[in-house]
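Report on the following structure.
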Amino acid sequence: MSIFKSKKLNHTVNTFDSMYDCVKKCAERYGDDPRYIYIENKTEKVITFSEMLDRVNYVASALNTLGLVGKFVTVTGDTHPDYFSTEFGVIASGGVIIPLDKDINAEQFVGFNKMCDTECIVYTPSLDKKISETFASLPDVKKFVRIGPAPDGAFPDDRFMTFDEFLEIGKAAYEAGDRTAEEHVVDTEKMCAVIFTSGTTGTSKGVMLCERNLVTAATDSCWIMSTKPDDMYVSVLPAHHTYESTISHIALPNTGACEMINDSIKNTIRNFVKYKPTGLVLVPLYVETMHKKIWSEIEKKGKTDTIRSLMPVVKHFPRSLRRKIFKQIIDAFGGRLDFIVCGGAPLRPELVEEFDTFGINICEGYGITECAPLISANPINWKKLHSAGLRVQHMQVRIDKADESDETGEIVVNGPAVMLGYYKNPEATAAAFTEDGWFRTGDVGYIDKDEFIFITGRMKNIILLSNGKNIFPEELEEYLSANEEIAEVVVVGRKKDDGETVITAVIYPNYEKFEGKTKDEIYEAMEKTVADVNKKLPIFKHIGAIEIRETEFEKTTTKKIMRFKIK
């Protein structure tokens, strides 16, 4: 069963054949409606759907004029409308876009660009330092294009220009008759993007995507979200991430929704209140932050016990009534928040339940960069807690078990959203697919009788005990994370001198809850928490040791803990 057969969905999805076709049809449908609202130099600015089409045309014509058509182009930095006019313009002219994480180090930045033979780099001002450190090491890059004026009024050499200058070149060419984007013959099977994975395991591979992949994933995203032209979203996730790019910057515009680009983390809640989003695309960390803010405000008003006792009763009321009862909570996020799409990592089920009680729907989905990224999602009208949902329309999912008697196995997928392979890495590409051509996700789980997908852990994270038992640390982490005294936790296997593996919880406590407490008192509290969790588990899963951290775990820009850095 797919998400589309679970219940009849009552919204229309606008189809498109390519990235340029998407931008063009959006401009035809929505014209002068705002596609983006953003802050630049402390001034609010707007880009309409028609203006976005113009910019994409100009980018393609500029690339043609500068001899960069069909080349590899890197885009990096903060989220900005021209980050995406660059992406669409490069793809529309037959080139390959490389969206790079703005927080990678200088060595990786040079390495990835050299690996891809990049000939043009488009960047925002937050990358000035990195560009100044690396441009001399990238002699094959013909153009560095800065979204914004020249820093201090000058660039280091004649390869540099502003994005406005770049656009003017394209505009002049377009007005003189250049129709690079319009006349480009699209091959939807040709590589159009290389996305470097976030590297939570210490390695990064370049995922090769084609337009077929992106069109498929974006269209399936539109089916999940019943978004309308009068909807407003606030973009908070990193622009380079496939989850954000596909859903927020391809799928959402295809529905006519407007998106406000959040200008900084510290302004997030303020922007929610000002721009009144009806929907958000988030990772669990943001939902956790919102949840903490809700209960912090409730606690300040001395209403914790009242709200806790009210929720079990209210959750059975009609949704419209629940939203009225918890109006103050919804008002804290602008007053119109109806819908949150959450992905990138598992979300604690109790958060889904609590937000639902308040009248805010959370649609939790599952994806991976190699699938551009969407695989499955929970339908709004039929959710299962702990589940990654039903497969989306164009994907197939099965469980490959090592033994038929096993309860779980590796989740493998097939369909038009699956990548072409890893760039310049045939060995990794071959290892990523089964003999019959299905992609190995590396996730372990099962599919229930209703065809909902459940993920129990990552194959590479499995702890193998000396008695042959397999432990999925994610299961234990979920139990521990439910405790408000724990901010972050990772469960690992530690080898003792005798070779035995001990299940160990590495904990970063919520130090706000332990103000004035000694290290010993904090340790004792964590021991009690772990003992309580062990009571709920079979003996072979018991956590045998704990380690306390004084600092947060290192994370990727999408807020996933880098497990390989845990010593």
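The values are calculated or read from the model by the stated rules, or taken from the named source; none is laboratory data. Quick caveat: nothing in here was measured; it's all calculated off a predicted structure. Cβ: placed from backbone, ideal geometry, glycine included. Neighbour counts: every protein chain shown. Accessible surface is based on the protein model in full, side chains and every heavy atom, while ligands, DNA and RNA are left aside. Shrake-Rupley method; radii C 1.70, N 1.55, O 1.52, S 1.80 Å.
Per-residue answers, yes or no, for (1) assigned to a helix (DSSP H, G or I); (2) open to solvent by less than 30 Å² (accessible area, probe 1.4 Å); (3) closer than 14 Å to ILE411 by Cβ; (4) in contact with a Cys (Cβ under 8 Å, 6 or more places away or on another chain):
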{"site": "GLY445", "(1), (2), (3), (4)": "no, yes, yes, no"}
{"site": "LYS449", "(1), (2), (3), (4)": "no, no, no, no"}
{"site": "GLU474", "(1), (2), (3), (4)": "yes, no, yes, no"}
{"site": "GLU477", "(1), (2), (3), (4)": "yes, yes, no, no"}
{"site": "LEU480", "(1), (2), (3), (4)": "yes, yes, no, no"}
{"site": "VAL489", "(1), (2), (3), (4)": "no, yes, no, no"}
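Quick test for you: out of ILE507, ILE503, pick the one residue that is more than 18 Å from ALA345 (Cα to Cα), touching a strand residue (DSSP E or B) at 6+ places or on another chain (Cβ under 7 Å), at pLDDT 95 or above and buried (at least 17 other Cβ atoms within 10 Å of the Cβ). Give the steps one after another, and end with the answer.
Values: ILE503 fails: at pLDDT 95 or above.
Matching residue, one of ILE507, ILE503: ILE507.
If PHE514 passes every condition in (1) within 30 Å of TRP295 (Cβ to Cβ); (2) without any contact (Cβ under 8 Å) to a residue 40 or more places away in the chain; (3) buried (at least 17 other Cβ atoms within 10 Å of the Cβ) but one, which one does it miss?
Result: PHE514 passes all but (3).
I want to confirm something. Restricting to the range 532-543 and keeping residues that are open to solvent by less than 60 Å² (accessible area, probe 1.4 Å) and in contact with a strand residue (DSSP E or B) (Cβ under 8 Å, 6 or more places away or on another chain), which single residue is nearest to VAL491 (Cα to Cα)?
Here the answer is ILE543.
How about the range 1-104: which helices (runs of 4 or more DSSP H) wholly inside it have at least 1 residues that are on the phi < 0 side of the Ramachandran plot and at pLDDT 95 or above? Don't jump to the end; show me each part of the working.
On the way: elements: 3-6, 19-30, 49-65, 81-92.
Correct list: 19-30, 49-65, 81-92.
Mind checking which residues of the range 115-129 are open to solvent by 10 Å² or more (accessible area, probe 1.4 Å) and either free of Cβ contacts under 8 Å to residues at least 40 places away in the same chain or touching a strand residue (DSSP E or B) at 6+ places or on another chain (Cβ under 8 Å) (or both)? Give the steps one after another, and end with the answer.
Applying the first criterion (open to solvent by 10 Å² or more (accessible area, probe 1.4 Å)) to the range 115-129 yields 115, 117, 119, 125-126, 128-129.
Within the range 115-129, MET115, ASP117, GLU119, PRO125, ASP128, LYS129 qualify.
Regarding GLY148, is this residue part of a loop (DSSP other than H, G, I, E, B) and of a type in the set (Gly, Ala, Ser)?
On the way: part of a loop (DSSP other than H, G, I, E, B): yes; of a type in the set (Gly, Ala, Ser): yes.
Taking the combined requirement at face value, the residue satisfies it.
Going by the conditions given, is GLU370 modelled with pLDDT under 95 and farther than 16 Å from ILE224 by Cα? Please lay out each step first, then the result.
On the way: modelled with pLDDT under 95: no; farther than 16 Å from ILE224 by Cα: yes.
Criteria not met by GLU370.
Can you spot a residue in the range 212-231 that is hydroxyl-bearing (Ser, Thr, Tyr) and under 30 Å from GLU552 (Cα atoms)?
At the first step, the residues of the range 212-231 found to be hydroxyl-bearing (Ser, Thr, Tyr) are 216, 219, 221, 226-227.
Keeping just the survivors that are under 30 Å from GLU552 (Cα atoms) gives none.
Within the range 212-231, none of the residues are hydroxyl-bearing (Ser, Thr, Tyr) and under 30 Å from GLU552 (Cα atoms).
Go through the range 451-472 and give me each residue that's assigned to a loop (DSSP other than H, G, I, E, B) and over 18 Å from ILE543 (Cβ atoms). First the steps, then the outcome.
So in the range 451-472, the residues assigned to a loop (DSSP other than H, G, I, E, B) come out as 451-452, 462, 465-469, 472.
Across the range 451-472, the qualifying residues are GLU451, PHE452, GLY468.
Could you tell me whether THR79 is within 17 Å of the chain's Cα centre (by Cα), β-branched (Val, Ile, Thr) and open to solvent by 10 Å² or more (accessible area, probe 1.4 Å)?
On the way: within 17 Å of the chain's Cα centre (by Cα): yes; β-branched (Val, Ile, Thr): yes; open to solvent by 10 Å² or more (accessible area, probe 1.4 Å): yes.
It is true that THR79 is within 17 Å of the chain's Cα centre (by Cα), β-branched (Val, Ile, Thr) and open to solvent by 10 Å² or more (accessible area, probe 1.4 Å).
Criterion first (farther than 21 Å from GLY457 by Cα and among the polar types (S, T, N, Q)) does THR518 satisfy it?
Working: farther than 21 Å from GLY457 by Cα: yes; among the polar types (S, T, N, Q): yes.
Yes.
Scanning the range 347-402 for residues that are touching a helix residue (DSSP H, G or I) at 6+ places or on another chain (Cβ under 6 Å) and of a type in the set (Val, Ile, Thr), which turns out most open to solvent (accessible area, probe 1.4 Å)?
Going through the qualifying residues, I end up with THR369.
Which of the residues that make up the range 415-436 are surrounded by fewer than 17 Cβ atoms within 10 Å (Cβ to Cβ), touching a residue at least 24 places away in the same chain (Cβ under 8 Å) and over 22 Å from ASN113 (Cβ atoms)?
THR434
Might you let me know whether the range 154-161 holds any residue that is outside any loop (DSSP other than H, G, I, E, B), of a type outside the set (S, T, N, Q) and open to solvent by 30 Å² or more (accessible area, probe 1.4 Å)? Even if it seems obvious, please write down each step before you answer.
Keep residues of the range 154-161 that are outside any loop (DSSP other than H, G, I, E, B), which gives 160-161.
Retained after the next criterion (residues that are of a type outside the set (S, T, N, Q)): 160-161.
Those left that are additionally open to solvent by 30 Å² or more (accessible area, probe 1.4 Å): none.
Checked against the condition, which is being outside any loop (DSSP other than H, G, I, E, B), of a type outside the set (S, T, N, Q) and open to solvent by 30 Å² or more (accessible area, probe 1.4 Å), the range 154-161 yields no hits at all.
Hey, any hits in the range 236-247 for a residue that's at positive phi and at pLDDT 95 or above? Walk me through it before giving the result.
So in the range 236-247, the residues at positive phi come out as none.
No, the range 236-247 contains no residue that is at positive phi and at pLDDT 95 or above.
Residue pairs, Cβ under 9 Å, 6 or more apart or interchain, first in the range 59-72 and charged (D, E, K, R), second open to solvent by 50 Å² or more (accessible area, probe 1.4 Å). List them.
LYS71/ASP117; LYS71/LYS142
Across the range 295-316, what is the total count of residues that are assigned to a helix (DSSP H, G or I) and touching a residue at least 40 places away in the same chain (Cβ under 8 Å)? Full working, then the answer.
From the range 295-316, those assigned to a helix (DSSP H, G or I) are 295-300, 304-314; that's our starting set.
Subset that is touching a residue at least 40 places away in the same chain (Cβ under 8 Å): 311, 314.
The number of residues fulfilling the criteria is 2.
Taking only the range 49-69 into account, find how many residues are open to solvent by 40 Å² or more (accessible area, probe 1.4 Å) and either farther than 21 Å from ALA172 by Cα or not β-branched (Val, Ile, Thr) (or both). Lay out the reasoning, then the answer.
If we filter the range 49-69 for residues that are open to solvent by 40 Å² or more (accessible area, probe 1.4 Å), which is where we start, we get 51, 54-55, 64-67, 69.
Now drop any that are not either farther than 21 Å from ALA172 by Cα or not β-branched (Val, Ile, Thr) (or both), which leaves 51, 54-55, 64, 66-67.
Adding up the residues that qualify gives 6.
Looking at VAL413, VAL444, VAL418, which is the one that is closer than 19 Å to LYS560 by Cβ and of a type outside the set (Gly, Ala, Ser)?
Details: VAL413 fails: closer than 19 Å to LYS560 by Cβ; VAL418 fails: closer than 19 Å to LYS560 by Cβ.
Matching residue, one of VAL413, VAL444, VAL418: VAL444.
Can you find a residue that is under 27 Å from MET115 (Cβ atoms), open to solvent by less than 50 Å² (accessible area, probe 1.4 Å), small (Gly, Ala, Ser) and part of a loop (DSSP other than H, G, I, E, B) anywhere in the range 231-250?
Yes - at least one qualifying residue is present in the range 231-250.
List the number of the failed condition for VAL46; all other conditions in (1) of a type in the set (A, V, I, L, M, F, W, C); (2) open to solvent by 60 Å² or more (accessible area, probe 1.4 Å); (3) closer than 20 Å to GLY94 by Cβ hold.
(3)
What pairs can you find where one residue is in the range 346-373 and within 14 Å of LEU280 (Cα to Cα), the other is assigned to a helix (DSSP H, G or I) and open to solvent by less than 10 Å² (accessible area, probe 1.4 Å), and their Cβ atoms are less than 6 Å apart, with a gap of 6+ or different chains?
ILE362/PHE355
Report the residue count in the range 457-490 for those that are free of Cβ contacts under 8 Å to residues at least 40 places away in the same chain and small (Gly, Ala, Ser). Break it down into steps so the answer makes sense when it comes.
First, the residues of the range 457-490 that are free of Cβ contacts under 8 Å to residues at least 40 places away in the same chain: 457-458, 462, 464, 466, 468, 470, 472-473, 477, 484, 489.
With the extra rule that they be small (Gly, Ala, Ser), the set shrinks to 457, 466, 468.
Of the residues in the range 457-490, 3 are free of Cβ contacts under 8 Å to residues at least 40 places away in the same chain and small (Gly, Ala, Ser).
If you scan the range 137-153, which residues turn out to be surrounded by 14 or more Cβ atoms within 10 Å (Cβ to Cβ) and under 24 Å from PHE84 (Cβ atoms)? Break it down into steps so the answer makes sense when it comes.
Pass one, the range 137-153, residues surrounded by 14 or more Cβ atoms within 10 Å (Cβ to Cβ): 137-138, 141-148, 151.
LEU138, VAL141, LYS142, LYS143, PHE144, VAL145, ARG146, ILE147, GLY148, PRO151, listed by residue number.
For PHE196, only one of the following conditions fails: (1) of a type in the set (A, V, I, L, M, F, W, C); (2) more than 31 Å from the chain's Cα centre (by Cα); (3) modelled with pLDDT under 95. What is its number?
Every condition holds for PHE196 apart from (2).
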